[in-house]
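Every read-out reported here was derived from the displayed coordinates using simple, explicitly stated rules and does not represent laboratory data. Worth saying up front: this structure is predicted, and the values here are computed from it rather than measured. Glycine also receives a Cβ, built like all others from the backbone with ideal geometry; neighbour counts cover every protein chain displayed.
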Amino acid sequence: MTLFNASKLTAGYGDLKAISEINLTVSQGELLALVGANGAGKTTFLKTTAGSISPMSGSIFYKGDDIIGLPDFKRTQLGISLVPEGRRLFQSLSVEENLLVGAAPNRKGPWNLKSVYDLLPLVANLKGRNSARLSGGEQQAVAIGRALMSNPDLLLLDEVSLGLAPIVVDQIYSALPDIRKQGLGIILVEQDLKRTIGVADRIACFLEGHLILEGKPADLTHQQITDAYFGHSISSFSENQEDMEAH
């Protein structure tokens, strides 16, 4: 079942377009990975999906309903949850209090304090600590737990491994299979191509605000992905995009 559908989505800041006419879908239970260099438009796409940025044009359908005019808190109530770059925890609150903030939409589902603590033992061990006293990896784990507490159907993960030690990244990624068992869709922004290819059902590569390559990892060569990432052979990608649109 198609969970999310963005059609000709264009968004940006002021008069500056950060993404232009993006067409992407996510099915229930699917993990879509967005890759591309810094400034490619990946975070803007997530923020527009979450409702924190209003699009300039285009449409967004979620579970078949048009949500283009809904603010971010309404989209959270419908089941769209964003783990933003930079985590953005409430520094004055404890870890457990941050998790309870995530439960505010009061949506029914499998995620509660117990299930989040079972999934992320690192978070359970920190539940009484003030969030201002956490390391970057600990903050990221809490941010993911907070998002899950809203019991989303679409989880948006923005740069979950950025600036973290490899061992911490391994712990976070090891939780993804259990998160996916619940059947939610995931849009993951990640710069580690090797790790992305290992977890994604589909990959979409952004370049300067445009979607230039999309497909299943098994159908794309590593060279195609890296060339798209760095903007090599752009003309061939334009032909590829035209072929995708034709089908």
Taking the Cα centre of segment 60-106 as the origin, how large is its charge dipole in debye, to the nearest 20, when only Lys and Arg (+1) and Asp and Glu (-1) carry charge on their Cβ atoms?
-> 40 debye
Would you work out which of PRO71, ASN125, PRO105 lies farthest towards the positive end of the dipole of the chain? Charges go on Cβ: Lys and Arg +1, Asp and Glu -1.
-> ASN125
What relative contact order, as a whole-number percentage, does segment 173-219 give when Cα pairs under 8 Å and 6 or more residues apart are counted?
-> 23 percent
Starting from the Cα of LYS63, step 7 Å along the direction of its Cβ; do the same at GLU97; then give the gap between the two resulting points in nm.
-> 3.2 nm
Measuring from its Cα centre, the chain shows a charge dipole (+1 at each Lys and Arg Cβ, -1 at each Asp and Glu Cβ) which, in debye to the nearest 20, is 1060 debye
Out of GLY86, GLY163, SER115 - ranked by how far each Cα lies towards the positive end of the dipole of segment 79-185, with unit charges on the beta-carbon of charged residues - the top one is SER115
Find the relative contact order for segment 115-214 and round it to a whole percent, using C-alpha pairs within less than 8 Å whose residues are 6+ positions apart.
-> 23 percent
Non-local amide H neighbours of SER94 (under 5 Å, H modeled in plane, Pro and chain starts lacking H): which ones?
-> SER131
In whole percent, what relative contact order does segment 49-183 give with Cα contacts below 8 Å and a gap of six or more residues?
-> 31 percent
For segment 79-185, give the magnitude of the charge dipole about the Cα centre (Cβ charges: +1 Lys/Arg, -1 Asp/Glu; no others), in debye to the nearest 20.
-> 280 debye
Starting from the amide H of VAL35, placed 1.01 Å from N in the peptide plane, find each other amide H under 5 Å away whose residue is 5 or more places distant or on another chain.
-> ALA204, CYS205, PHE206
What ³J(HN,Hα) values, in whole Hz, does the Karplus curve 6.51 cos²θ - 1.76 cosθ + 1.60 give for segment 23-32 when θ = phi - 60°, with x put for Gly and Pro?
-> 10, 8, 10, 9, 8, 4, x, 9, 10, 9
